[in-house]
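Values in this text are rule-based calculations from the coordinates and carry no lab data. None of the values given here were measured: they were computed from a predicted structure. For neighbour counting, all protein chains shown are included, and Cβ atoms are generated from backbone atoms with ideal geometry for every residue, glycine included.
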Amino acid sequence: MPLEPVAPELHHPVPSWRPLVTVNAAVSLDGRIAGRGGRTLRLSDREDLGRVHRMRAVHDAILVGIGTVLADDPALVIKHEYHAEGGRDPMRVVLDSHHRTPLTARVASGTPPTLIYSVGAEDRIERLRKMHGVEVVACPRDASGRVDLKAALGDLKARGIESLMVEGGSRVLASFFRAGFVDRVTLFVAPVLVGEGAPPLVAVDAEDSGTPLAGFTLVHATGRPSGAVVHLLPDKAPR
Ligand SMILES: NC(=O)c1ccc[n+]([C@@H]2O[C@H](COP(=O)([O-])OP(=O)(O)OC[C@H]3O[C@@H](n4cnc5c(N)ncnc54)[C@H](OP(=O)(O)O)[C@@H]3O)[C@@H](O)[C@H]2O)c1
């Protein structure tokens with residue numbers, strides 16, 4: 001099974017000011033991406049974890065929100081056996097407006113380098129700058145006071161990042177979908193029901209009007225007893 005079974009000619013063109021953005025997540029049947037109260041819940045099966053690592057290996061950078069760092073403490077590295085030919089680790093990127101990344105976070109230690117997009121006072125950002133191998137970039141704020149996605153994506157592109165894999169969580173995915181900055185989506189759908197009180201794929205926001213954020217076309221799907229991998233493309237051209 002090819003990693004990206006969607007022919008590039010099916011994609012809308014990627015706007016030149018930003019990298020290609022691929023969303024990847026594992027969801028339950030009821031659309032949850034973690035356990036109740038945001039507890040870590042492994043939804044992917046073993047085969048899917050391999051797919052995620054191989055997918056990371058063909059992207060220039062992987063991005064998560066600070067909520068995911070605090071909940072799961074992911075390292076965002078690629079297991080040795082999944083390294084792409086000629087192996088290089090994608091850059092790790094965290095959206096952390098309020099400088100909450102713990103100094104001991106796995107994403108902020110070891111290699112490859114990590115970029116933290118933050119907003120606000122230089123003196124507060126200084127705390128994060130103490131971390132070895134971490135670069136902290138002060139970004140403009142968006143309307144809700146968080147990292148302005150357009151500025152962060154433009155900065156990534158200027159650094160030579162052509163492809164970005166966005167892994168979550170709910171709030172970060174909501175921002176990407178709302179802004180229309182998603183070029184393709186891959187989901188592993190696990191045949192379990194998690195129930196209320198667990199984060200959904202896309203966080204619901206007070207600004208939401210009840211109309212769908214975006215429509216997608218399912219372009220490829222494969223299934224097995226432990227779940228299905230689905231590939232989707234947005235119906236509307238991304239921004
Ligand atoms: N199943 C999966 O595939 C998967 C993958 C990843 C995560 N998860 C789960 O997702 C959950 C975490 O989701 P979450 O919603 O709490 O956290 P999140 O989306 O990882 O991070 C959200 C935080 O990022 C910061 N942020 C900065 N700029 C932002 C922007 N422009 N838009 C949105 N957020 C921005 C905000 O905090 P500040 O305002 O402090 O900056 C925001 O609260 C965890 O339970 C984790 O297990 C599941």
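Dipole size of the chain about its Cα centre, with +1 on Lys/Arg Cβ and -1 on Asp/Glu Cβ: approximately 320 debye, rounded to the nearest 20. Once the Cα-Cα distance is subtracted from the 0.36 nm per residue extended length, the Leu103 to His53 segment shows a gain of 15.5 nm.
Across the stretch 103-120, coupling constants 3J(HN,Hα) worked out from phi with the 6.51/-1.76/1.60 Karplus curve, θ = phi - 60°, read 4, 9, 4, 5, 5, 9, 9, x, 10, x, x, 10, 10, 10, 8, 9, 10, x Hz, and Gly and Pro carry x. Taking a sphere under 11 Å around the Cβ of Gly154 and counting the other residues whose Cβ falls inside, with K and R at +1 and D and E at -1, yields a net charge of +2.
Relative intensity of the chain on a log10 scale, I(q)/I(0) at q = 0.07, 0.09, 0.10 Å⁻¹, equals -0.21, -0.36, -0.45, per a Debye sum over C-alpha point scatterers of equal strength in the absence of solvent.
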